[in-house]
Every structure is written in C-alpha cells, then in structure tokens.
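Here the structure is laid out as structure tokens; the discussion comes afterwards.
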Amino acid sequence: MQDTYTLKENMHLCFFGLVFMLIYLNFENISIIVFFLVVNMLFVGNLRHLRSEKFNNSNFFLLLRRSFYIIPLVLPYIILPGLNLVSYFKTNILFLFIGFLIGLILILPKWKTWNTFLSNDFLIELPKRRKIDVWVLVFVYFFGAIFEELFYRLFIYQSLIESPFVLTLIISTLFFLFHHYATPWGQAFKTYDFIIQILISIISMCFLYFTNSIIPSLVLHLTYNGPHILMYIKYLLIHREMGSVNIEG
C-alpha cells in the first residue's frame, strides 16, 4: 500500500510541476511535449495494477507489461508527422568514442560497487529468478536507454528547434528527472543518482546540438547502463551453469 501511495505522490508532483511550467513559459510546442510525457507517466504509474493471476506466469504478458514502461516514449514518432530520425543517425568514430569515454567516466565513481555486484560470489548468492524475468530486465535497460534518448533528447530538440538552446536544455533535463522520479523505483534514487541523470541529460543534449546526431548520446547512455546489463547477463550464465535458473523461462 505504501508503494502505491508514494508513486501517486510522485506522479502528482511531476504533473503539477509540468502544468505550472507550461503555463509560465506559454510555449505552444511545450504542450505537445507535456502531453506525451503525461501519457508516459500514466502508463508507468499504473502498470503495477496490470497483474493477473491468470496471466501471472505468462512470459508474453510479463514482456508486454514491462515493455510499456518504455514503449510510450516512442509514441511521438508513431503519431506525429514530420519528425525526422534518419538524418540524426549519422556520426563519426570520434564522437562515438567520446560518448563511450564519458559513459565510462560517469561509471567510475561507483566502480567499487559495480566490482562487487559483478563478482561471481555476489551473483551466486542472489535469489533464483526465472530466465525470462532476467532477460526482460536486460531488454528494459537496453531499449530504455535508447527510447529515453529518442524522447528526452531528440523529440524535445526537434519540437523546440526554434527556441533558444538553453531553454531546450533546461526542459530536457527537468523532464528527464521528472520521468525517473515518477517511476515505481524512483524513491530508491539518491542525490548522487539525480546528479548523474542531470549530467547525462546535459551532455547528451550538447552532443545532439553540436554534432546534429543522436548516436553519441545513445552510446553514452548505453555505456552507463552497461553494468546493469552485464550483471544480469552474467547472472544468467552463472546460474545456468549451476542449474539454478529456470531455463524454460
């Protein structure tokens, strides 16, 4: 019951914060961004209720439910005409390397923690989970990084292309923070995590502005999510060798 109340409180905070910003700034295109962000938050805020005893063990239902944490982020590209993706998927090796390097630098402060989480001893002691549960987490961390960049960087950037870059940067960063704070796991974030999210947002939007490409931002975000993805894949490999993962999923 406490989780449900906290999540509702987060959602209300985000919603009224966004409405206030919309009224204060009075920019027409921001209303479009807010609309899709609120739609995404409504999905995130209610997915925990989509549990069914009948489908509880259904792999497809699990994947479908978890997918809706991130799929709404690409709705603008499905619904709105005129959004351009192709031209922003061109870059060069130098910017790819810089994005990868910055992602590694952002991981370094927690290197000791990740060194523990990725150790065989730690992973062996983790509770047994179904194979499909772990693969879904890999899916969410991988595609979540991609879809978040497409929405909070590229979509916002294209929607506010005529606005001052500083304004676009601020809106992108604030909405990116609202999104993470409103998630069911938002209460687990510490001050450090929000600082990292601010840095990722600022650096990624600067990449997009100066390179006219979303690829460096994708590489940065995927690199930062890399330890999570690696941990779950390594968990699968270790527990499969031990015969403790439900291979049927």
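The values are calculated or read from the model by the stated rules, or taken from the named source; none is laboratory data. Because the structure is predicted, anything quoted here is derived from the model rather than measured. All Cβ positions, even for glycine, are placed from backbone atoms using ideal geometry, and neighbour counts span all protein chains on display. The accessibility values were calculated without ligands, DNA or RNA, using every heavy atom of the protein model including side chains. Shrake-Rupley method; radii C 1.70, N 1.55, O 1.52, S 1.80 Å.
So here's what we get for this one:
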read-out	value
Per residue accessible area in Å² of the range 122-168, where ligands, DNA and RNA are left out and the probe is 1.4 Å	44
Contact order normalised by residue count of the range 64-183, Cα under 8 Å, 6+ apart, percent	44
Proportion of all alpha-carbon pairs of the range 113-181 beyond 17 Å (%)	61
When each of LYS90/LYS112; LYS190/LYS234; LYS90/LYS190 is checked by Cα-Cα distance, pairs over 29 Å	LYS90/LYS112; LYS90/LYS190
Environment charge at PHE207 (Cβ cut-off 11 Å; Lys +1, Arg +1, Asp -1, Glu -1)	0
Gain on full stretching of the segment that runs from TRP111 to PHE189 - 0.36 nm per residue minus C-alpha separation	26.3 nm
Rg followed by Dmax, in Å, when the range 191-240 is reduced to its Cα trace	14.3, 45
Radius 15 Å from Cβ of PHE89, net charge of other residues (Lys, Arg +1; Asp, Glu -1)	+1
Within the accessible area of the range 104-228 (1.4 Å probe), percent carbon and sulfur	69
Calculated SAXS-style log₁₀ I(q)/I(0) at q = 0.13, 0.15, 0.17 Å⁻¹ - the range 59-199, Debye, Cα scatterers	-0.78, -1.04, -1.29
Whole-Hz couplings from phi, Karplus 6.51/-1.76/1.60, listed for the range 144-157; x for Gly and Pro	x, 4, 5, 5, 5, 5, 5, 7, 6, 10, 5, 4, 5, 4
